[in-house]
Every structure is written in structure tokens, then in C-alpha cells.
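Accompanying notes for the structure given below.
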Amino acid sequence: MSDTPVDSSKRTWLVATGAAGAVGAVAVATPFVSTFQPSEKAKAAGAAVEVDISGLKPGEKMTVEWRGKPVWIMKRTSDQLESLKKTEAQLADPNSDRKAYPTPEYAKNQHRSIKPEIFVGVGICSHLGCSPSDKFQPGAQPSLPDDWNGGFLCPCHGSTFDLAGRVFKNKPAPDNLEVPPHMYLSDTKLLVGEDKKA
């Protein structure tokens, strides 16, 4: 090993080129590393949605989008709530015990909601992902039983759901409609996609 001193001008060039190389490496790595962060579109798709339900009248349903899914918010009438008791024996999972689409604890009740009159559910059939149609009118109708109490009918393969999104027995849909996480910010403001208690 030689004790020959390194020329100071060479040392300056070595330090300068090393520093430039490090800056270049950081410049190249930054865009690459930033691809691991979720995009603004992805953040927006998963963000909670605030909904004003003050104009929702009994018997009406509105739809909002959350994570690219239609979320139904329905204000049920007292007759519609009463109909939920009549369908219990005909349902595949009346207590929402199945785990494919876990129901939040605050919605594990007959009306599947925080407030009995307000139903919040994802409007996508658990069979093949079709969107069920509103069939709120009780009574005999095409593709529905004569003792129909109102609910939803999936036009793809005939799965039927009551007004709490619970699937009837012997239907292609394997599970009830999903109840998304949600909470009330006030009596007229609902936040879909977030639940501080969960």
C-alpha cells in the first residue's frame, strides 16, 4: 500500500462526480418510489362519502357512489318496516350471520341498520354482481311470489331480497346485500364508508 497523497484536484473531481451520481440516483428513484403511493383517483375511490338525507321522504330511495359501487339509502315507511317481520321464515340468513359480506355489528338486527327507518346497502347482488331492481309494491307481480311484501329483484337470475337486503331461501344469491360501514354525522347527514365505532 502506497502512502502517495491523492492529488487534490482529483479528489475534488471524485467528490463532485460522486455527489452528482447520488443526486441522479435520487432523481431517478423518486418517481419510481412514488408509484407505490396510491393515486389521487384511488384515494378518491376509497374515500368516505357524505350524504344529505334531509330531502329523503318515506318510501323513497337514493343512490350514491362509494368505491365505485352503488350504495342505496332508503327511508322505509312503517308498513315497510312491519313487512320485515313477515319475511323472517322465508329468508336464507335472517340474522346476517354469514361471513362472505360481514355485516357491521350495529346493523345485525331485523332492519339491518342503525336507525330502523333508514336502510344503507350496497346495490350489488351477491351472486354475479348485477344490480337488483326496486320492487317496493307488495302483492303478486311477474317474477315474484303472490305474497310479495316488497323488496328487490335481481333481473339476472331471479334472486329476491327483502327491504333490509336479506336474500330469500333457494335463490342463486349466496348472501344478503352488503351493508357498508356508515355513521350519522347529524340527523340529516350520513357518512358512507367510515365508522368511528368499528
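Values quoted throughout were computed directly from the atomic coordinates according to the rules given, and no laboratory measurement underlies them. Quick caveat: nothing in here was measured; it's all calculated off a predicted structure. Ideal geometry is used to build each Cβ from the backbone, glycine not excepted, and the neighbour counts take in all protein chains shown.
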Between Ile118 and residues 5 or more places away or on another chain, the pairs with built amide H atoms under 5 Å apart involve Arg76
Counting sequence-distant residues (5 or more places) and residues on other chains, those with an amide H built under 5 Å from that of Asp93 are Val167
Given backbone amide H placed at 1.01 Å from N, residues whose amide H is under 5 Å from that of Lys189, ignoring those fewer than 5 places away on the same chain, are Ile53
With no solvent term and unit scatterers on the alpha-carbon positions of segment 144-198, Debye gives log₁₀ I(q)/I(0) at q = 0.14 Å⁻¹ of -0.52
Segment 49-66 and segment 123-165 have their Cα centres apart by a whole-number Å value of 20 Å
Taking 0.36 nm per residue of separation between Glu50 and Gln137 and subtracting their Cα-Cα distance, the length gained on full extension comes to 28.4 nm
For segment 103-198, using Cα atoms only, the Rg and Dmax in Å read 14.1, 43
Taking a crude spin-label model, label points 7 Å out from Cα along the C-beta direction, the Ser78 to Lys189 distance in nm is 3.1 nm
Among GluC sites (Glu not before Pro) in segment 57-95, those in a DSSP loop whose Cβ has at most 15 other Cβ atoms within 10 Å are Glu60
Quick calc: nm separation of the 7 Å Cα→Cβ label points for Glu65 and Cys130 -> 2.3 nm
The whole-number value in µm²/s of the Stokes-Einstein translational diffusion coefficient for segment 43-192, with Rh from the Kirkwood sum over alpha carbon pairs at 10 °C and 1.306 mPa s, is 103 µm²/s
Diffing segment 135-149: the Karplus 3J(HN,Hα) column from phi (6.51, -1.76, 1.60, θ = phi - 60°), in whole Hz with x for Gly and Pro, holds 9, 6, 5, x, x, 5, 8, x, 6, 10, x, 4, 9, 4, 9
In segment 77-153, the trypsin sites (Lys or Arg not before Pro) that sit in a DSSP loop and have at most 11 other Cβ atoms within 10 Å of their own Cβ are Lys99
Applied in sequence order to segment 181-191, the curve 6.51 cos²θ - 1.76 cosθ + 1.60 (Karplus, θ = phi - 60°) yields integer Hz couplings, x standing for Gly and Pro, of x, 7, 7, 9, 8, 7, 5, 10, 10, 10, 10
